[in-house]
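Structure, as structure tokens:
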Amino acid sequence: MRFWNYKSEEFYNLYITIYDSNFPMEKKKVLCILITIVAIFMSGCWNYSEISDKRIVAGSAIDYNAEKDYVEMTVELVKPVMGGEKTQMEQETYYSQGDNLFNAIRNLISKTGKKVFWSHAKVLILSEDIISEKEKFMSVIDFIKRDAETRDDMMLLVSREKTAKEILKTDVKVQEIISFHLEDMLQNNTSISKYRAVPLWKFVDELSGEGISATLPTVEVATYNNTQISQIFGTAVFKGAKTVGWLNGSETKSFLFVIDELKGGTIVIEEDTLSKDPIKIAFEIFKNKTKVKSVYKDEKLSMKIDIKTTVNINEINGDIDFMDEKNLKVIQKNAEDTIKKMVEDVIKKVQEEYESDIFGFGATVSRDNPDLWKVLKADWDSVFSKLDVQVNTELEIRGSALRSKTIKVGD
């Protein structure tokens with residue numbers, strides 16, 4: 001502990017002021033005792049330690065060895081390196097294993113030489129093997145959620161590779177630390193809307209909540225210019241604590257429409273009624289609002305989904321006069337139908353193939369009609385798979401970027 005390194009002269013002057021004052025002697029003694037206590041606790045941190053005494057975890061990958069019944073952990077550590085006047089960050093990767101995650105972390109000390117520090121960990125990558133073993137998987141989530149050092153906003157990912165540690169061995173990254181690069185991609189998910197960023201707290205809430213099933217984004221290794229890069233794309237669908245299926249990037253965008261978490265990205269339609277050849281039109285999504293409500297009528301339950309989207313025309317690969325009001329209405333109707341079909345298709349797939357309410361329809365029923373939910377919740381998976389869902393879409397085309405006409409090529 002460091003004593004008297006915080007404005008000691010000011011505290012001394014305060015002592016003199018008190019004793020020169022007209023306070024009664026008893027009050028002077030009490031004030032001086034309080035000042036002394038404050039000075040001690042403000043002079044330094046009770047658990048102060050140098051950064052060089054810590055091994056800082058940037059991210060971790062968790063695998064499962066079924067043959068040995070071991071949890072295998074790979075951690076990416078941040079290593080500060082002095083480079084001239086600046087401190088740069090380099091990556092170190094270590095591997096450990098144990099009966100559970102806690103043992104694997106402690107066993108890591110024999111390799112790092114120091115206890116690892118988890119407060120700055122950004123991502124936790126889970127293999128398909130570990131999430132398929134319910135007991136081991138829930139033990140990992142329980143430890144990460146329970147431990148005082150880990151943060152609730154740590155992002156979770158599911159690896160589509162054979163192991164999760166392969167994600168931490170890719171070649172190319174925007175910055176030196178792969179885990180930080182993965183976090184950047186997750187935080188900028190609204191620009192593409194083909195995956196959903198899920199922090200630890202949200203996953204646990206959805207895992208334990210009524211009328212909703214959990215999801216996690218998926219990550220894989222892709223080849224780009226003969227190098228290996230990490231690519232986040234798609235969604236893992238859970239039913240309880242077990243994965244039951246997957247959504248690709250396009251299906252994930254439709255999923256985000258339903259749960260009102262789509263904030264950007266693009267929509268592409270094909271228009272074949274306004275020209276001789278089909279023309280593709282790309283829209284940039286500026287804003288989207290989705291309202292979901294349950295309708296119970298004549299002893300029949302259905303869901304009503306209203307989607308209102310604001311877009312810009314950003315690219316046209318043909319010649320269409322979209323300044324003509326009739327043409328614009330045709331384009332608008334086409335886009336509305338495209339979004340409607342996208343949403344209906346993903347709902348149908350999840351209902352028929354997975355029977356997992358990742359859309360939170362059950363939670364909506366619970367909110368709208370609590371008495372009805374009490375009757376249905378015990379058999380909700382079966383009800384959900386047969387649920388009638390009505391989708392209504394409304395599209396507003398705000399503009400056409402910097403051009404009001406398509407480009408025409410002369411003879």
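The values are calculated or read from the model by the stated rules, or taken from the named source; none is laboratory data. Quick caveat, the model's predicted, so the values are computed rather than measured. Glycine also receives a Cβ, built like all others from the backbone with ideal geometry; neighbour counts cover every protein chain displayed. Heads up: the accessible areas ignore ligands, DNA and RNA and are worked out on the full protein's heavy atoms, side chains in. Shrake-Rupley method; radii C 1.70, N 1.55, O 1.52, S 1.80 Å.
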### Query
When all protein chains stay in place, what accessible area (Å², nearest 10, 1.4 Å probe) is found for I316?
40 Å²
#### Entry: Net lengthening on full extension, D321/D368 (0.36 nm per residue, minus Cα-Cα)
12.4 nm
### Message
Output wanted: per-residue J couplings in Hz (rounded whole) for the stretch 296-307, from phi through Karplus 6.51 cos²θ - 1.76 cosθ + 1.60, θ = phi - 60°, x for Gly and Pro.
### Response
10, 9, 6, 6, 10, 9, 9, 10, 10, 10, 10, 10
### Message
Per-residue counts of other Cβ atoms within 10 Å, averaged by peptide: what ranking do you get for 256-262, 333-339, 124-130, highest first?
### Response
124-130, 256-262, 333-339
## Note on the structure
Interchain or sequence-distant (5+) residues whose placed amide H lies within less than 5 Å of the amide H of T93 are L77
### Taking only Cα atoms of the stretch 92-231, radius of gyration then Dmax in Å
15.3, 46
### Distance (nanometres) between label positions extended 7 Å along Cα→Cβ at D153 and K68
3.6 nm
### Query
In what sequence, highest mean first, do 58-71, 187-200 appear when ranked by Cβ atoms within 10 angstrom?
58-71, 187-200
### Query
Rg and Dmax of the stretch 237-396, using alpha carbons, in Å: what are they?
17.9, 56
### Query
Tell me, what is the per residue accessible area of the stretch 83-177 in Å², probe radius 1.4 Å?
54 Å²
### Task
Apply the Karplus parameterisation 6.51 cos²θ - 1.76 cosθ + 1.60, with θ equal to phi minus 60°, to every residue of the stretch 55-60 and state each ³J(HN,Hα) to the nearest whole Hz, in sequence, with x for glycine and proline.
10, 8, 7, 8, x, 8
## Note on the structure
Long-range amide H partners of K239, meaning residues 5 or more apart or on another chain whose placed amide H is closer than 5 Å, are V244
### Query
Based on the Kirkwood radius over alpha-carbon pairs, what is the Stokes-Einstein translational diffusion coefficient of the stretch 282-370 at 20 °C with 1.002 mPa s viscosity, in µm²/s?
136 µm²/s
### Query
Any idea how far apart N100 and N392 come out in nm if each label point goes 7 Å out from Cα toward Cβ?
5.1 nm
### Message
Could you tell me the calculated FRET efficiency between N312 and N225, based on Cβ-Cβ distance and R0 = 41 angstrom, to the nearest 0.05?
### Response
0.85
### Query
When the solvent-accessible surface of protein heavy atoms is calculated with a 1.4 angstrom probe, in what order do F233, F143 fall, highest first?
F233, F143
#### Entry: Taking the convex hull of Cα positions in the stretch 196-291, its mean projected area over all directions (nm²)
9.6 nm²
#### Entry: Solvent exposure, largest accessible area first (probe 1.4 Å, DNA, RNA and ligands not counted), of T112, T227
T227, T112
### Summary
Scalar couplings 3J(HN,Hα) for the stretch 277-285 by Karplus 6.51 cos²θ - 1.76 cosθ + 1.60 (θ = phi - 60°), nearest whole Hz, x for Gly and Pro, are 10, x, 10, 8, 10, 9, 10, 9, 7
